[in-house]
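Encoded as structure tokens, the structure appears first; notes follow it.
The values are calculated or read from the model by the stated rules, or taken from the named source; none is laboratory data. Only a predicted model underlies this, so the values are computations on that prediction, with no experimental measurement involved. So basically every Cβ, Gly included, is an ideal-geometry build from the backbone, and we count neighbours across all protein chains shown. In case anyone asks, the SASA skips ligands and DNA or RNA and just uses the protein heavy atoms, side chains included. Shrake-Rupley method; radii C 1.70, N 1.55, O 1.52, S 1.80 Å.
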Amino acid sequence: MKKKKWKLIRQIWDLIRGSTFIKLGVSIIIIFGIMAVFSPIWVNRNPEIYDPIIGVDPDVHGSEGPSLKHPLGTDYIGKDLFSQLLRGSQIAFILGIMVSVLSTTIGTIVGLVAGYYGRIVDIILMRLADIILTLPRLPLLIVISGIFGTQSNWIILLILSFTFWPTISRVIRSQTLSLRERPFIESAKVSGVGNRRIILRHLAPNVLPITFYYLTVTVTGAILVEAGLSFLGFGDPSNMSWGMMLKWCFTTGYVFKAPYWMIPPGLCISALAFSFYLIGVGLEEIVNPRLKKR
Amino acid sequence: MDTILEIEELEMSYQTIKGFVSAVDNVSFKIMKGESMGLVGESGCGKTSLGMCIMKLLPENARIMNGKILFDGEDIVPKTEEEMRKIRWKGVSMIFQAAMNALNPVYRVGDQIIEAIQTHDNISKEEAREKVEKLYELVGLSPERMKNYPHEYSGGMRQRAIIAMALACDPKFIIADEPTTALDVIVQDQIIDEIVNLQKKLNMTMMYISHDISVIAETCNKIGVMYAGNIVEYTYTSTLFDNPLHPYTKALMSSFPSIEGPKKELKPVPGEPPNLLNPPEGCRFYPRCSYAEEICKKENPEFVEIEKDHFLACHKVI
Amino acid sequence: MEMVNVEHLTKLFPLRKRLFSREKHYVYAVDDVSFKIEKGKIMGLVGESGCGKTTTAKLLVRLLDPTSGNIYIKNENIADLRGKELKKFRKNIQMIFQDPYESLNPRFIVHDTVAEPLIAQGLYNTEKIYNALEVVGLKPPEEFLFRYSHELSGGQRQRVAIARALVIDPIFVVADEPTSMLDVSIRADVLNLLLALRKKFDLTVLFVTHDLAVARYMCDSIAVMYLGKIVERGNAEEIIKNPKHPYTKALLSAVPIPNPKAKRKRIKIGERVSDAVNPPERCRFYERCNYKKDICKRKYPKLIECCKDHFVACHLYG
Amino acid sequence: MSMERYILSRVIQIIIIFFIVMSIIFLLFRVIPSDPTSFLLTPSMTAEAKEAIREQFGLNEPIITQYYLYFKNFFHGNFGNSFYGGRSVMNIIKERMLNSIFLVTTAVILSYIIGITVGKAIAWKRGSKTEKFFVGLGLWFYTMFTPWLGILFLWIFAFKLHLFPLGGMITSEVWIANPSLIEKICDLIHHLILPLITYVVLWFGGYMLLMRNSMLETLREDYIITARAKGLKEKDIRDKHAARNALLPIVTAFAISISFSITGAVLIETVFSWPGIGRTIVEATLRQDYPLVQGAFAIITIVVLIANFIADIAYAYLDPRISY
């Protein structure tokens, strides 16, 4: 059995090596990972100046360009932009991955259950998914965060996951529907295998590649939507995400005067979203044999 | 009699991640005008690849490595795609498997046949339509059906339409690739009957590809037996059934149950067909052959005419 | 001793309800079917696609719930078993599926596949797995235990599927076209294996197939199905040599014969038009029959014994 | 089932979804806020005005009556008045919606056409350098942060190069001067170009990749082999046989993309100060102008539902196989 485990790790390694998309995606993610880890080190040298929320450099008045002390310059009240950028990578990672894990898990379970049991369970779950899918996502998020009044990253996380699971569950369900008709499932039933075991041992492993695909693609969606919300002013004010950096740059009138402030957050959002999507596309090319060369 | 198709030492390979798969290897044979040749073999033996070589409709990763395909005296291997385009359907056409989704689901069946005619013959749409109507009657379909979509046809009707399409440009040579495989017994029989009758009526030259030797026995006057990319025996149907010489041909015949005659025990061929990624040295059949000798292991037997019009590739018999 | 006794088995599938329509439409997939199989015998269930033979097979292993009727296996009626009782009974009946590429979970190794029925019944035992693999000719078992199904050849996969079916010592096995996806040379091997296993374990088998020649080779008795009904049933040799029902005759006449000299007489009948949706009271074969009489339109003929152990449902007899 | 029946059944489904969504909106606004009346009443109103509103929306009545009045008011197009400026919500929405539809429709159609054309072409050239380049480019733009690209374009083309205005939909000085129709149109287009380009650049990639994938799947179909065997010209095989079939899933994707387009519209309208419905909903929410938020959200949802419906019908029309 130990041999089997090594085989799996080898397979994953071959997968990464074999696809340019995945290689590039993983490299970018590693860079941002380093940024996220480096964040507390940079801040803790002198939190009074470098803390992205409460730190202010008393020597600086208004936004200033890059210097040795502030590699990316400062914002309009003298906060260090580099610390904000580092903290932003933490938020993007945590939020993106948590939303992705939560919504993919819900989506996969709902899809499996709806597809396998069918009938009334299927109808209820899928109609619910349909309704959520029909709702325009960003306006819905805006309205909800507006009504809740106080925004926190936890609420944003929940709302994002709530709008992301239906897409996944619909795909998993249709996959389950076709798997359910496959003879190996019938074969298991004839042998007296119970429903739970069929779902866990037969269906789940066979939809896993799709789940993995959505796991990465959803991170992209979550990062972009969170950034959008923050940019519009519905982010968690107790923290500094990339979207919020861009928002402050845009609303304080520095947007055209301070490219050192405007360019990095947008670039980071786009690059991190891009990298996760690249992995998804790489996976899709491998998983979906119909996209391969004939 | 004129030769329509002559294949000389044809070799075709697919490039895969794991290496070259030689799907067709050292194949040579001739088909005369008016003849119908049956190509029989198991799945993966290269019979469909051979058919696709003749139309030069090969996937990107396939390459003709060697040999000649003389169609009407001209070698088509070096021809460009544009030159081939003119030979296709006008020179060689194909009867596909109906279940293969060979008809485009979003166009009316009649229009798909008219499209083929208009590509090659410079005639008006009306004339083409009249021609298709005649073809429909010829294959036993009501011309009114032309305006239906493929999904509105039954399996048998779809196959008839595909036959009509293959005849649309009066081709010199028709390849039928497992045309009845997906059909039910009774419909299959009717289609076979239709093909045999058309072949006689129009004096078609045809190559009929099938895995079922009994279907070939009823439709073709010559049979080529294919195994692992090689044609191992090629002769007249009656000769082959009276006097099969290659051990594989013999084995193939005795592994089919029949509804005729007394109930006989089947004698299966031991083992499984070889993996064409690394086929066995020497004769490709030797690991499963009960007559195998030392030489079979080392040398691939040549494909020679051992009596008039009877070709064979086997060390033991020669 | 009767091992299997099926009485008036019926399965209706409701058609998707139309909006604003109160009428209910049903497909009569299996309609009042009765037969018996003696212990240790093989019965063939023959018919074209869509005739209800696979539905019957699935009903017998309770993959589907019958609409009405009884299924006695060893004198126990399993038609209404539910939950735990059904699960317990499942170790007595097993099924071999058509396509070995599909009936094995691609993510399971051979060990997991074969062990699954044992685990489900709480009888896990390594020795049994080794034995089952050996019995189907996968020797030595250690060499196969840790392979995934894509690492096996077609014949090996079907052997694994058979091993899985036999590992819990069932008394009744339903084989649904177990060789139709296999190549000719391997098919004979698997057929012979099934015959040998039947002898060894004294198995009772329902053998579903569309191929009359295979049915003749394998079975002691044959039942012919058409649109949900058994139209003829009797000793295998008798059905093949002396068919009574016009449909059986047509079916037999459509089987190609691997002998170019044997000119068979085709019986021409039309292509199937009606499905078994709300079938009328008349004979299902009426539209296609060459011998139809007035009474055939009014009444479905009963299955009667026309000669010893030979039953036919046709107004021409009796 | 006939086409009419299919349409009818879809209409019924959409009406049901509509009522469910409207009820959700109702619940969101009346149940979650601590003071349910807050969403219609502002402290600055006169006592009489407050009383009139209480009467109209039944704020003193039980929740069921409020629910009934909510729908009644909705079908009369009465969403109440905006807290800011006191204009009728319906009028604001009408005006802003038109502006949004003008921008989004042009943008979606353009990116659709470009995306499909390029996707078709690169799928045909599978494995070439061109294909790889476009796939990379499409992916990069597809995952780009919308406001950022908008800001970059504004910075370069408007701020630095002075080619386009810095935002808005019209130059008010020009319009006050009572210009000719052509001048008006030119001014409008001048304002439209930058948000339009931003939109198209961001969204053609998605359609392109979809079309490419769909084409690659279609190219494996057997009827493509038939078409080649028939000796058809490459262009005919690509356009008539492959692209026609590959388009089918794209039509379905269109319905889903409507929701995404609105997301894009909200962000782009904010960056370019385009007076559309997206920007309206953002500003109204920030100001807690509840009547306007509720009305705008309801209208957006209805538009999405209608777009879904149209996509469904288009699909049924394009695919003869569909059994309704």
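Quick check: is even one residue across the range B:125-146 modelled with pLDDT of 90 or more, among the acidic types (Asp, Glu), open to solvent by 30 Å² or more (accessible area, probe 1.4 Å) and touching a Pro at 6+ places or on another chain (Cβ under 9 Å)? For the range B:125-146, residues modelled with pLDDT of 90 or more, among the acidic types (Asp, Glu), open to solvent by 30 Å² or more (accessible area, probe 1.4 Å) and touching a Pro at 6+ places or on another chain (Cβ under 9 Å): present. Counting only helices (runs of 4 or more DSSP H) that fall entirely inside the range B:153-228 and contain at least 2 residues that are among the acidic types (Asp, Glu), the qualifying elements are B:185-202. The strands (runs of 3 or more DSSP E) falling completely within the range B:1-86 that include 3 or more residues that are open to solvent by 50 Å² or more (accessible area, probe 1.4 Å) map to B:3-16, B:19-32, B:62-71. Right, C:ASN125: within 8 Å of another protein chain (Cβ to nearest Cβ), among the polar types (S, T, N, Q) and over 22 Å from C:LYS199 (Cα atoms) or not? No. Applying the set (1) under 22 Å from D:VAL104 (Cα atoms); (2) touching a residue at least 24 places away in the same chain (Cβ under 8 Å); (3) within 14 Å of chain A (Cβ to nearest Cβ) to D:LEU219 leaves exactly one unmet item: (1). When the range A:9-50 is filtered for residues that are part of a loop (DSSP other than H, G, I, E, B) and open to solvent by 30 Å² or more (accessible area, probe 1.4 Å), the ones remaining, listed by number, are A:ARG45, A:ASN46. Identify all residues within the range B:205-228 that are within 12 Å of chain C (Cβ to nearest Cβ) and more than 20 Å from B:ASN243 (Cβ to Cβ); write none if there are none. The answer is B:SER210, B:HIS211, B:ASP212, B:VAL215, B:THR219, B:ALA228. So for the range B:106-115 (the condition being facing chain D (nearest Cβ under 8 Å), touching a Phe, Trp or Tyr at 6+ places or on another chain (Cβ under 7 Å) and either open to solvent by 10 Å² or more (accessible area, probe 1.4 Å) or not in a helix (DSSP H, G or I) (or both)), does at least one residue qualify? No - not one qualifying residue is present in the range B:106-115.
This table checks each residue for (1) at pLDDT 90 or above; (2) over 26 Å from A:PRO259 (Cβ atoms); (3) open to solvent by 20 Å² or more (accessible area, probe 1.4 Å).
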residue	(1), (2), (3)
D:PHE145	yes, no, no
D:GLY150	yes, no, no
D:GLY167	no, no, yes
D:ALA227	yes, yes, no
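Taking the range A:203-259, which residues are within 19 Å of A:PHE274 (Cα to Cα) and facing chain D (nearest Cβ under 9 Å)? If the condition is that a residue be within 19 Å of A:PHE274 (Cα to Cα) and facing chain D (nearest Cβ under 9 Å), then A:THR220, A:ILE223, A:LEU224, A:VAL225, A:ALA227, A:GLY228, A:PHE231, A:TRP242, A:GLY243, A:LEU246 are the ones that fit. Only one of the numbered conditions (1) of a type in the set (Gly, Ala, Ser); (2) open to solvent by less than 10 Å² (accessible area, probe 1.4 Å); (3) more than 13 Å from chain D (Cβ to nearest Cβ) is violated by A:GLY194, and that is (2).
Scan the range B:239-252 for residues that are facing chain C (nearest Cβ under 8 Å) and either surrounded by fewer than 20 Cβ atoms within 10 Å (Cβ to Cβ) or part of a loop (DSSP other than H, G, I, E, B) (or both) and the total you get is 1.
Is one or more of the residues making up the range D:225-236 of a type in the set (D, E, K, R), within 13 Å of B:VAL106 (Cα to Cα), assigned to a helix (DSSP H, G or I) and over 13 Å from the mean Cα position of the chain (by Cα)? Taking every residue of the range D:225-236 in turn, none turns out to be of a type in the set (D, E, K, R), within 13 Å of B:VAL106 (Cα to Cα), assigned to a helix (DSSP H, G or I) and over 13 Å from the mean Cα position of the chain (by Cα).
The residue that is least open to solvent (accessible area, probe 1.4 Å), counting only those in the range C:293-318 that are of a type in the set (Val, Ile, Thr) and in a strand (DSSP E or B), is C:VAL312.
For the condition farther than 30 Å from B:ASN221 by Cα, outside any helix (DSSP H, G or I) and of a type outside the set (A, V, I, L, M), what is the one hit in C:PRO256, C:PRO178? When all the criteria are applied, what remains is C:PRO178. Is it fair to say C:MET181 is of a type outside the set (Phe, Trp, Tyr) and open to solvent by less than 10 Å² (accessible area, probe 1.4 Å)? Criteria not met by C:MET181. Taken together, the residues in the range B:274-318 that are part of a loop (DSSP other than H, G, I, E, B) and closer than 21 Å to B:MET12 by Cα amount to 18. Checked against (1) surrounded by fewer than 21 Cβ atoms within 10 Å (Cβ to Cβ); (2) closer than 25 Å to D:ASP236 by Cβ, B:TRP89 passes all but condition (1).
All conditions but one from (1) away from every other protein chain (no Cβ under 12 Å); (2) buried (at least 20 other Cβ atoms within 10 Å of the Cβ) apply to A:LEU158; the one that does not is (2). Within the range B:223-282, the residues that satisfy the criterion of being of a type in the set (D, E, K, R) and within 23 Å of the chain's Cα centre (by Cα) are B:GLU233, B:ASP242, B:LYS250, B:GLU272. Looking across B:ARG284, B:ARG288, one residue alone is modelled with pLDDT of 85 or more, within 14 Å of chain C (Cβ to nearest Cβ) and over 30 Å from C:ALA215 (Cβ atoms). It is B:ARG284. The number of residues in the range C:140-157 being within 19 Å of C:THR126 (Cβ to Cβ), surrounded by 15 or more Cβ atoms within 10 Å (Cβ to Cβ) and free of Cβ contacts under 8 Å to residues at least 24 places away in the same chain comes to 1.
The residues of the range C:120-143 that are in contact with a Leu (Cβ under 6 Å, 6 or more places away or on another chain) and at pLDDT below 90, listed by number, are C:TYR124, C:PRO141. Looking across A:THR134, A:THR163, one residue alone is facing chain D (nearest Cβ under 9 Å), open to solvent by less than 20 Å² (accessible area, probe 1.4 Å) and under 22 Å from D:VAL303 (Cβ atoms). It is A:THR134. Looking at D:LEU196, is it assigned to a helix (DSSP H, G or I), away from chain B (no Cβ under 14 Å) and either under 22 Å from D:ALA307 (Cα atoms) or of a type in the set (Ser, Thr, Tyr) (or both)? Against the criterion (assigned to a helix (DSSP H, G or I), away from chain B (no Cβ under 14 Å) and either under 22 Å from D:ALA307 (Cα atoms) or of a type in the set (Ser, Thr, Tyr) (or both)), D:LEU196 qualifies.
One residue alone among C:LYS58, C:LYS91 is open to solvent by 40 Å² or more (accessible area, probe 1.4 Å) and more than 16 Å from the chain's Cα centre (by Cα), and that residue is C:LYS91.
Counting residues in the range A:233-241 that are open to solvent by 10 Å² or more (accessible area, probe 1.4 Å), out of contact with any Phe, Trp or Tyr (no Cβ under 9 Å at 6 or more places or on another chain), at pLDDT 85 or above and part of a helix (DSSP H, G or I) gives zero. Looking across A:ASP80, A:ASP75, one residue alone is away from chain D (no Cβ under 14 Å) and in contact with a Cys (Cβ under 8 Å, 6 or more places away or on another chain). It is A:ASP75.
Just one of the listed residues (D:TRP203, D:TRP155) is facing another protein chain (nearest Cβ under 10 Å) and surrounded by 15 or more Cβ atoms within 10 Å (Cβ to Cβ), and it is D:TRP155.
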